[in-house]
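Beneath this line is the structure, given in structure tokens, with notes to follow.
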Amino acid sequence: MARKTLGYVPLIWECAYCQTQNPGPIKTCTSCGAPQPDDVAFLQVDENKFNFIKDEALIRMAQAGPDIHCPYCGTRNPAGAEVCSNCGGEINIPGKVVRETGKEVRTVAEHTEELQSAPVARPAIPTASTRKKPNRLITILLALGGLAIVAGCIIFLVMMLKTDSIQATVTDVRWERSIAIEAFTEVSRSDWWDQIPDIAEIQSCSQRYRYTSEIPEANATEVCSEAVVEDTGTGIGEVVQECVYEVYDDYCDYTVMDWVVLNTVVETGENLNPSWPEPNLSADQQLGAATETYTILFSGDGERYTYTTTDVDTFLMAQPGSEWELTVNQLGAVQSIEPSY
Ligand SMILES: [Zn+2]
Ligand SMILES: [Zn+2]
């Protein structure tokens, strides 16, 4: 997310001794003279609007960086100061303590509200009338329902996985072979402009949301969070927003020549001589995807079984009357077959 600075606003701090509200950059209370504490919480004056600072010097001060605490007397000095304004001690030294920055500043109203509500903010003790008895019957029914579902799943899995071996005889065979016929023809499609093949003819385009970017981009709509005031460590607040950029782009309908399935020709039989359909093709046609399905019907243990495969070699061995060993699960589905000799 991109961070945007809208401007700078004055902050105040409240003296802990006399409750006087002092301007943020002033380091000692204007009323009682008490020093501003190191960890003082700055407050935002305006609640609903930002009264942006226009004074360039104040803005430069806010941008210069957080104040430095004097290691000798604790006085806060502006960033870049070499010696303490109070005691004259050298402050631009390695390991110097600077005021924390980036904390969200609350408004005076929020601060006052917190002070007033603090003593009564204890959690309420629940009374008998507000405590709700859980409905035991519903709980039991839900538990039973859950158990039934779990048990059902387990039974289903066991029946799928547990298999029996069954001796069976081939009673019937069936095959089906199909081939798609494709024609070279004009088709309509849609895609982002930069995904469309060069040879295509673009019909019409419209702007659509494509993706969200963290950084500003051309043809993007900026979407920002609510502005908040952050402590710059100088007694001046920085009004910031986090923004993302919703990028729009051309999505187009286009036409292009391509091979498309016109129809599918199917050949079927109830014998062991499968053959492929041989359609007559015109000049702008070609053969597409081919599929083959072979079905063998068995009878064994007084039951009928059906086995379907795409393996023509297995199918060609399935002479009607021949004996096979079937692996059948508890749901009656044939998992595999093996000729018996
Ligand atoms: Zn004071
Ligand atoms: Zn000092």
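The values are calculated or read from the model by the stated rules, or taken from the named source; none is laboratory data. All figures in this text were calculated on a predicted structure; none of them were measured in a lab. Positions of Cβ are generated from backbone atoms using ideal geometry, with glycine treated the same way; all protein chains shown enter the neighbour counts.
Looking at the stretch 8-20, can you tell me whether even one residue there is in contact with a Ser or Thr (Cβ under 6 Å, 6 or more places away or on another chain) and either modelled with pLDDT under 90 or buried (at least 19 other Cβ atoms within 10 Å of the Cβ) (or both)? Working first, answer last.
Step one: list which residues in the stretch 8-20 are in contact with a Ser or Thr (Cβ under 6 Å, 6 or more places away or on another chain), which gives 18, 20.
Now restrict to residues that are either modelled with pLDDT under 90 or buried (at least 19 other Cβ atoms within 10 Å of the Cβ) (or both): none.
No, because not a single residue in the stretch 8-20 is in contact with a Ser or Thr (Cβ under 6 Å, 6 or more places away or on another chain) and either modelled with pLDDT under 90 or buried (at least 19 other Cβ atoms within 10 Å of the Cβ) (or both).
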With the requirement that a residue be in a strand (DSSP E or B) and among the small types (Gly, Ala, Ser), what does the stretch 2-56 give you? 2, 7
Is it the case that some residue within the stretch 26-38 is among the hydroxyl-bearing types (Ser, Thr, Tyr) and within 16 Å of ligand 2 (Cβ to nearest atom)? yes
Could you list, in sequence order, the residues of the stretch 204-216 that are loosely packed, with under 13 Cβ neighbours inside 10 Å and either of a type in the set (S, T, N, Q) or free of Cβ contacts under 8 Å to residues at least 40 places away in the same chain (or both)? 204, 206, 207, 209, 211
Within the stretch 4-22, the residues that are away from ligand 1 (no atom under 12 Å from the Cβ) and touching a strand residue (DSSP E or B) at 6+ places or on another chain (Cβ under 6 Å) are 4, 5, 6, 7, 8, 9, 11, 12
Of the residues 201, 176, which single one is assigned by TED's automatic domain parsing to the domain that holds residue 319, farther than 30 Å from residue 57 by Cβ and surrounded by 10 or more Cβ atoms within 10 Å (Cβ to Cβ)? 176
Take residues that are in contact with a strand residue (DSSP E or B) (Cβ under 6 Å, 6 or more places away or on another chain) and within 30 Å of residue 313 (Cα to Cα) and tell me which of the strands (runs of 3 or more DSSP E) falling wholly in the stretch 156-235 contain 3 or more. 163-192
Where in the stretch 253-341 are the strands (runs of 3 or more DSSP E), entirely inside, with at least 2 residues that are touching a Lys or Arg at 6+ places or on another chain (Cβ under 8 Å) and surrounded by fewer than 16 Cβ atoms within 10 Å (Cβ to Cβ)? 285-300
Could you check how many residues of the stretch 39-73 are within 16 Å of ligand 1 (Cβ to nearest atom) and over 40 Å from the mean Cα position of the chain (by Cα)? 0
